[in-house]
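Note sheet for the following structure.
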Amino acid sequence: AFVAIIAEQRPMTVRQAFYQATVRGLADKSENGYRMVQTDLVAMRKSGQLPYTWLADNTRWQRKPQTFSNPTDALEMTAKFYRKALWLDIDAYVEIWLEKDALSGVVHSVTDKFDVPLMVARGYASLSFLHSAASHIAKLGKPTFIYHCGDFDPSGVNAAEKINTTLRELAPNAEIHFERLAVLPEQVEAWSLPTRPTKTTDSRAKGFGSVSVELDAIKPDQLRQIVNDAIERHLPEREYRVLLEAEMSERELLWNFVEAA
């Protein structure tokens, strides 16, 4: 059952697999149920039943400079991975903000495809991170559209509001449009998302409601589609195809340089 779930929605995180398991009655919606799912998925990967690449984990990574044995190798790598700047002539700048680092591997394929920055806030974004983002936005001189994906709970909603408010304070002259993409109350109902009780210990819980939903509860394909649709509002399909054709032509030019080297 786990293989079927993950094969359909890959890549997904362990927590997303857990939520999909609870919806199908395969696991209890509890921390104990989550630990059992974790244990099973570890065993399945080690035994070869489940490919490692089907589960995403972007919370752990390394830094290492790209090096080459000679200039020709460097030129060949440039030709292979050349990407055209898609947004230079578009009168909009788009960023996707994500509350959880663990989910970055789930939506990165979409933001990478459209050359859109994926900003991982890890809950409440630090002031230094927000200042850096605001400074970049202020220099662009074009309308900025920020789409936020986070938990539907008091801290998740408040964290998004803080990002919106602070960016406007730090870039007062910029035209900033901010929108929460997920999790929204209407999505909870329409998609029958698994819920949990709102933490009463949270000082921001007053007036929020008794039900909260984690971003992980949304199916990976649905989350990717939400992000995809938001970006496509500003980069129409026809313009995107034209830009890709130009990219292909320019990449071929670079390969000509490689062959001549």
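The values are calculated or read from the model by the stated rules, or taken from the named source; none is laboratory data. Just so we're clear, the structure is a prediction, and the values are computed from it rather than from any experiment. For neighbour counting, all protein chains shown are included, and Cβ atoms are generated from backbone atoms with ideal geometry for every residue, glycine included. Just the protein is used for accessible areas: all its heavy atoms, side chains included, with ligands, DNA and RNA removed. Shrake-Rupley method; radii C 1.70, N 1.55, O 1.52, S 1.80 Å.
Can you confirm whether segment 192-203 contains a residue that is in contact (Cβ under 8 Å) with a residue 24 or more places away in the chain, touching a helix residue (DSSP H, G or I) at 6+ places or on another chain (Cβ under 9 Å), open to solvent by less than 90 Å² (accessible area, probe 1.4 Å) and farther than 21 Å from Arg24 by Cα? Scanning segment 192-203, I find at least one residue that is in contact (Cβ under 8 Å) with a residue 24 or more places away in the chain, touching a helix residue (DSSP H, G or I) at 6+ places or on another chain (Cβ under 9 Å), open to solvent by less than 90 Å² (accessible area, probe 1.4 Å) and farther than 21 Å from Arg24 by Cα, so the answer is yes. Elements of the type helices (runs of 4 or more DSSP H) sitting completely within segment 114-220 and holding at least 3 residues that are closer than 25 Å to Val14 by Cβ and modelled with pLDDT under 95: these cover 154-170. Collect the residues in segment 7-55 that are part of a loop (DSSP other than H, G, I, E, B) and either within 23 Å of Trp191 (Cα to Cα) or of a type in the set (Lys, Arg) (or both), keeping them in residue-number order. Across segment 7-55, the qualifying residues are Arg10, Pro11, Thr13, Arg24, Gly25, Leu26, Ala27, Asp28, Lys29, Ser30. Would it be correct to say that Thr111 is polar (S, T, N, Q), open to solvent by less than 10 Å² (accessible area, probe 1.4 Å), assigned to a helix (DSSP H, G or I) and more than 21 Å from Gln187 (Cα to Cα)? Considered against the rule, which asks whether it is polar (S, T, N, Q), open to solvent by less than 10 Å² (accessible area, probe 1.4 Å), assigned to a helix (DSSP H, G or I) and more than 21 Å from Gln187 (Cα to Cα), Thr111 comes out as yes.
Let's see how each residue does on (1) basic (Lys, Arg); (2) over 30 Å from Phe18 (Cα atoms); (3) touching a residue at least 60 places away in the same chain (Cβ under 8 Å); (4) open to solvent by less than 90 Å² (accessible area, probe 1.4 Å):
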{"residue": "Glu31", "(1), (2), (3), (4)": "no, no, no, no"}
{"residue": "Tyr34", "(1), (2), (3), (4)": "no, no, no, yes"}
{"residue": "Gln38", "(1), (2), (3), (4)": "no, no, no, yes"}
{"residue": "Val42", "(1), (2), (3), (4)": "no, no, no, yes"}
{"residue": "Gly48", "(1), (2), (3), (4)": "no, no, no, yes"}
{"residue": "Trp54", "(1), (2), (3), (4)": "no, no, no, yes"}
{"residue": "Gln66", "(1), (2), (3), (4)": "no, yes, no, no"}
{"residue": "Ser69", "(1), (2), (3), (4)": "no, yes, no, no"}
{"residue": "Ala74", "(1), (2), (3), (4)": "no, yes, no, yes"}
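All of (1) within 27 Å of Arg251 (Cβ to Cβ); (2) touching an Asp or Glu at 6+ places or on another chain (Cβ under 8 Å); (3) open to solvent by less than 20 Å² (accessible area, probe 1.4 Å) hold for Arg83 with one exception: (3).
Residues of segment 89-98 that are out of contact with any Phe, Trp or Tyr (no Cβ under 9 Å at 6 or more places or on another chain) and either farther than 24 Å from Arg10 by Cβ or in a loop (DSSP other than H, G, I, E, B) (or both): Asp89, Ile90, Asp91.
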